[in-house]
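These notes are about the structure you will find just below.
The numbers here are math on the coordinates, done by the rules we state, and not lab data. All values reported here derive from a predicted model rather than from experimental measurement. Here the Cβ positions follow ideal geometry from the backbone for every residue, glycine too, while neighbour counts run over all protein chains shown.
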Amino acid sequence: MDLSIVVNGMTFPNPFLLGSGPPGTNAHVNAKSYDAGWGGAVAKTISLESAKVVNVVPRYGKLRSKTSGEVIGFENIELISDRPIDVWLEEFRQIKKEYPKHMLIASIMEEYEKGRWQELTRMVQDTGVDAFELNFSCPHGMTERKMGSEMGEHPDLCEQVTSWVTEVSNIPVWAKMTPNITNIKEPSLAAVRGGAAGISAINTILSVIGVDLNTLRPMPTVEGHTVPGGYSSQAVRPIALRMVSQLALGLPQDVSISGIGGIENSHDAIEFLLLGSSTVQICTGVMLHGVKMIDELKEGLEKFMTDKGFNSVQEVVGKSLGYFSTHMDLVQKMKAAKRSKAGEASRDNEWGQKDITEKTAELTSN
Ligand SMILES: Cc1cc2nc3c(=O)[nH]c(=O)nc-3n(C[C@H](O)[C@H](O)[C@H](O)COP(=O)(O)O)c2cc1C
């Protein structure tokens, strides 16, 4: 089955992309993922001066299910790429030469200076990459240099920086937004005013993964200390789905959305498509399960489309958005369906009559 989709003029062989991070950290891993069947990749974020980027070890922390041990949440305090720009430029050229039909998106980040953003844009564009993703969203480390989410939290900066990039770029520009903000629509709309053709959401959520009760040290612990980091993996998916749906309902129709956050299989990915994403990106899932997870992603999407009678991925995009409403409207709809008694029969007074866990189960939909 044809899983391709055209987004901002780019043809993706399928909607599954590696998210920016370790899965796209050099040309070798990128090529491996294309060979495995991924439709595209957003490379690890790069900047002009990699010497300023110094990572720490350890830099990851896991939240596990108390019963199965499965990883459900993941924190990182990793920075952007520490590899020199010249090496990256050479690798971008090489990847595009070897894989012309796979989409390669360069993620870029710089300090708040027009000259620096435009220099980086020009250099990277010359390599033949297909699009840019502006990193307005890394929530730790780079923020101490006023980069990443320090920009994404301020709509005026998002608009200005995006316009600097679009002024010199002749390929599509996506802006990757931070969830560490009250209303993700505001900086996203600002980036669109600056010329962004697409929005990627979400980057990681600021978090502290836990505290070691023996040493009393918060984790991940580096020489006894830590900083809050970015939270990803399954646990963030409902928040990402909410933000993606808000964007899909609130942005101009022609702005594309690349959905990100906690995707581990085709079921999760389809949810993002249904809520308005035309591509999806996966980072932590690939780190935990490997690039081969693409097989299940493709098979699962194909099966879903066959079962539900969809002829193209584009037809799936946004299909569930029409089912969002207001609370008042839900009450009206229950009345119209003559089910208002169900609501009245479960008023708050009732909670004492049954065990609280039983009552919770009774009111839960899945
Ligand atoms: C270890 C790690 C490194 C990351 N590095 C970057 C980065 O360089 N640039 C970027 O835009 N996002 C980066 N991210 C964020 C991911 O691309 C993604 O937005 C986020 O983790 C949520 O998706 P996921 O649950 O599929 O990982 C990183 C995430 C992780 C876990």
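Treating the angle as unsigned and between 0 and 90°, give the value, to the nearest 10°, between the Cα long axis of helix 327-336 and the longest Cα principal axis of the chain. That helix lies at roughly 40 degrees to the long axis.
Can you flag which of LYS303/LYS359; LYS62/LYS359; LYS185/LYS341; LYS176/LYS292 are past 27 Å Cα-Cα?
On the way: LYS303/LYS359 36 Å; LYS62/LYS359 32 Å; LYS185/LYS341 37 Å; LYS176/LYS292 25 Å.
Long pairs (Cα-Cα over 27 Å): LYS303/LYS359; LYS62/LYS359; LYS185/LYS341.
Compared with the dominant Cα axis of the chain, that is its longest principal axis, helix 155-168 is turned about 40°.
Among 131-144, 314-327, 74-87, the peptide with the highest mean count of other Cβ atoms within 10 Å heads the list, and the full ranking is 131-144, 74-87, 314-327. In the chain, the longest principal axis of the Cα atoms and the axis of helix 237-250 are about 80 degrees apart. This model, with +1 at the C-beta of Lys and Arg and -1 at the C-beta of Asp and Glu, gives segment 49-94 a dipole about its Cα centre of some 340 debye.
Compute, for segment 138-187, the length of the dipole vector about the Cα centre, with Cβ point charges of +1 (Lys, Arg) and -1 (Asp, Glu) only. Units Debye, rounded to 20. Intermediate values should be presented prior to the final figure.
Working: 4 positive and 7 negative charges, 34 e Å.
For segment 138-187, the charge dipole is close to 160 debye.
Note: relative contact order over the chain, using C-alpha pairs below 8 Å and six or more positions apart, is 16 percent. Can you bin segment 219-366 into rounded, prolate or oblate? Criterion: square roots of the alpha carbon gyration tensor eigenvalues sorted a ≥ b ≥ c, rounded for a/c under 1.5, prolate for a/b above b/c, oblate for the rest. Here segment 219-366 falls in the oblate category. A simple charge model with +1 on the Cβ of Lys and Arg, -1 on the Cβ of Asp and Glu and nothing else charged puts the dipole of segment 1-114 at about 300 debye relative to its Cα centre.
Note on the chain: GNM, Cα springs under 10 Å; of VAL211, VAL42, VAL227, the largest mean-square fluctuation is that of VAL211.
Of all DSSP beta bridges located in the chain, what percent are antiparallel, nearest 5?
Restricted to the chain, the bridges split so that about 40 percent are antiparallel.
In terms of its C-alpha gyration tensor, segment 1-154 comes out oblate, because a/c is 1.5 or above while a/b does not outweigh b/c.
Normalised by the number of residues in segment 60-99, the mean separation of alpha-carbon contacts (under 8 Å, six or more apart) gives a relative contact order of 28 percent. Per-residue extension of 0.36 nm, minus the Cα-Cα distance of SER346 and GLU167, leaves a gain of 58.7 nm for this segment.
In the chain, a dipole from Cβ-located charges (positive for Lys and Arg, negative for Asp and Glu) runs towards its positive end, and of SER320, THR143, SER4 it is SER320 whose Cα lies farthest in that direction.
Look at the dipole of the chain built from charges on Cβ: of ILE356, LEU79, VAL286, the Cα furthest out on the positive end belongs to ILE356.
Modelled this way, with points 7 Å down the Cα-to-C-beta line, the labels at LYS308 and THR357 are 3.4 nm from one another.
Which length gain, in nm to one decimal place, applies between LEU288 and ASN26 when the Cα-Cα distance is subtracted from 0.36 nm times their residue separation? Mind dumping the intermediate values first?
On the way: separation 262, 0.36 × 262 = 94.32 nm, distance 1.80 nm.
Residue separation times 0.36 nm, minus the Cα-Cα distance, leaves 92.5 nm.
Amide H contacts for LYS319 (H built 1.01 Å from N in the peptide plane; partners 5 or more residues away or on another chain; cut-off under 5 Å): GLY276.
Restricting everything to alpha-carbon atoms, can you work out Rg to Rh for the chain with a Kirkwood hydrodynamic radius? All intermediate terms of the calculation are to be shown ahead of the outcome.
Working: Rg = 21.6 Å, Rh = 21.6 Å.
Over the Cα atoms of the chain, Rg/Rh equals 1.00.
Just check segment 27-66 against the gyration tensor rule for me: Cα atoms, a ≥ b ≥ c as the square roots of the eigenvalues, rounded for a/c under 1.5, and otherwise prolate or oblate depending on whether a/b exceeds b/c. Oblate.
For SER65 and ARG217, a Förster radius of 25 Å and the Cβ-Cβ distance give a FRET efficiency of 0.60, rounded to the nearest 0.05. Extension gain for ALA51 to HIS225 (0.36 nm times residue separation, less C-alpha to C-alpha distance): 60.3 nm.
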